[in-house]
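S.K.: This structure is in structure tokens; I'll ask about it shortly.
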Amino acid sequence: MLRAREPGSLAVLASTLLLGFSIAFSLGQNDTEPVVLEGKCLVVCDSNPSAEGGVTSSFGISVRAAGAKVAFSAVRGTNHEPSEMSNKSMTIYFDQVLVNIGNHFDLKASVFQAPRRGIYSFSFHVVKVYNRQTIQVNLMHNEYPIISAFAGDQDVTREAASNGVLLHLEREDRLYLKLERGNLMGGWKYSTFSGFLVFPL
């Protein structure tokens, strides 16, 4: 039994009760629902928290910075007409980054790599070079096409194709644009590719 004249023991007891209450409250939340604390910090119950790069306590609680943000936007400033002769991968390369918060867009490879598991938003816009031609562009997710944009009006020279999507990505998933058909007008910043993290999971 604890006595009133033992302040150290009372402090230990109070800390233990407070910690037990906090853990019970956290575990009572939905697995995907964070507990918001003061000081821009999130506590998330996670069976495998270290996989997401968070700081993990001995109780299996992952603490992640709430201010972590991910966003990029890239443009092509010169004419760009990839062909099987000059670019067998048919990847659409960009030469200027307008935004690259978190530095997860590799400009040289023109590939975005997801830093964490979450819901991401992506969009792109391209313009074809010639009339009497069809272009098709795919957003590639780990070498597989996810969505496409198509422009094929034979009477329009500078026809545009664009698309956008929300994706559930895992950590280190890679996304880039691939030209399936036609040629692009890349000069004057016609071609763009953008994305951002909507929220982590």
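No lab work stands behind these numbers, since they all come straight from the coordinates. These numbers come from a predicted model, not from an experiment. Glycine gets a Cβ as well: all are built from the backbone with ideal geometry, and neighbour counts include every protein chain shown.
S.K.: So how far apart, in nm, are the two label points at residue 111 and residue 201 if each is 7 Å from Cα heading toward Cβ?
M.R.: Between residue 111 and residue 201, the label points sit 2.2 nm apart.
S.K.: Right, here's the next one. For the pair residue 160 and residue 78, what calculated FRET efficiency results from E = 1/(1 + (r/R0)^6), where r is the Cβ-Cβ distance and R0 = 22 Å, to the nearest 0.05? Please report the intermediate quantities before stating the final value.
M.R.: Working: r = 18 Å, r/R0 = 0.82.
Using R0 = 22 Å, I get an efficiency of 0.75.
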